[in-house]
1. Which residues, taken from segment 181-201, are touching a residue at least 24 places away in the same chain (Cβ under 8 Å), in a helix (DSSP H, G or I) and surrounded by fewer than 16 Cβ atoms within 10 Å (Cβ to Cβ)?
2. Can you tell me which of ARG124, ARG77, ARG93, ARG85 is crowded, with 17+ Cβ neighbours inside 10 Å and out of contact with any Phe, Trp or Tyr (no Cβ under 6 Å at 6 or more places or on another chain)?
3. Can you tell me how many residues within segment 144-164 are touching a residue at least 24 places away in the same chain (Cβ under 8 Å) and out of contact with any Ser or Thr (no Cβ under 8 Å at 6 or more places or on another chain)?
4. Under the condition of being more than 17 Å from the chain's Cα centre (by Cα) and of a type in the set (Ser, Thr, Tyr), which residue from segment 127-160 is surrounded by the fewest Cβ atoms within 10 Å (Cβ to Cβ)?
5. Which of (1) in contact with a helix residue (DSSP H, G or I) (Cβ under 8 Å, 6 or more places away or on another chain); (2) in a helix (DSSP H, G or I); (3) of a type outside the set (A, V, I, L, M) does ASP78 not meet, given it meets every other one?
Amino acid sequence: MAGTLTVTTHGAVAEEVTTADLDLLDGQVTRLFALVADGILSATRAFLESDREAAWLVVAAEREVDALFCSVEGLIRDELLSAVRPSPHRLDRLLTALQVVPEVERSGDLVEHIAVRARNGLARSLTPTCRELVFSMGRLGSEMWRVAASAYLERDPTSAVRLRQWDDELDDLHITLMTALARTQLPPAAAIEMGLVGRFLERLGDHAVNVARRLRG
């Protein structure tokens, strides 16, 4: 009660609390970015090594993504529905987070989809060329999400240019992977699963670009 009285009667303290709330929000969003960036690389490695234990750890980490997503949505909703009208700067930060977090949450789902496919041992049937292409896609996708995280924190919309260039590289890797897979003797079911893994990695790049496009300097 005393804390509420202080906030409503002292503008300077209210502004300090307001900034702290936004910092909490940004901290949670940044954690989401980190979980996705780390998860892409971990899921890719678990898939290529057919490592079920490592894959389980990735899936467990994605549960944190879901929990953080709900927490961030709750913070934004509470702020937008509060009795105090947000300042334009505050409203911009809230709306940016509101637009960005669904991209992150969907990317977390894609990471999980890659990880769970480690248990079928599909990667053991891949040629060295295909394995290298998959790893290159995972490594590039992870780096794209690290750049997207920095762009979000710095409110730097210019990062979208670099991410689009990297996304073109990711698309090229995807096409090359699909071409290489078409030349292998994988059973149809395995070829379909492998095609999905490539598609998931390609989509992760698209979501990173979408994040940067939603930023305003």
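1. At the first step, the residues of segment 181-201 found to be touching a residue at least 24 places away in the same chain (Cβ under 8 Å) are 181, 184, 186, 190, 193-194, 196-201.
Filter once more, so that each one left must be in a helix (DSSP H, G or I): 181, 190, 193-194, 196-201.
If the condition is that a residue be touching a residue at least 24 places away in the same chain (Cβ under 8 Å), in a helix (DSSP H, G or I) and surrounded by fewer than 16 Cβ atoms within 10 Å (Cβ to Cβ), then GLU193, LEU196, ARG199 are the ones that fit.
2. ARG93
3. Matching residues across segment 144-164 total 7.
4. THR158
5. (1)
Let's see how each residue does on (1) assigned to a helix (DSSP H, G or I); (2) at pLDDT below 95; (3) at negative phi:
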site: ALA14; (1), (2), (3): yes, yes, yes
site: VAL17; (1), (2), (3): yes, yes, yes
site: ALA46; (1), (2), (3): yes, no, yes
site: VAL65; (1), (2), (3): yes, yes, yes
site: VAL84; (1), (2), (3): no, yes, yes
site: LEU110; (1), (2), (3): yes, no, yes
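The values are calculated or read from the model by the stated rules, or taken from the named source; none is laboratory data. All values reported here derive from a predicted model rather than from experimental measurement. Cβ coordinates were reconstructed from backbone atoms using ideal geometry, including for glycine residues, and neighbour counts include every protein chain displayed.
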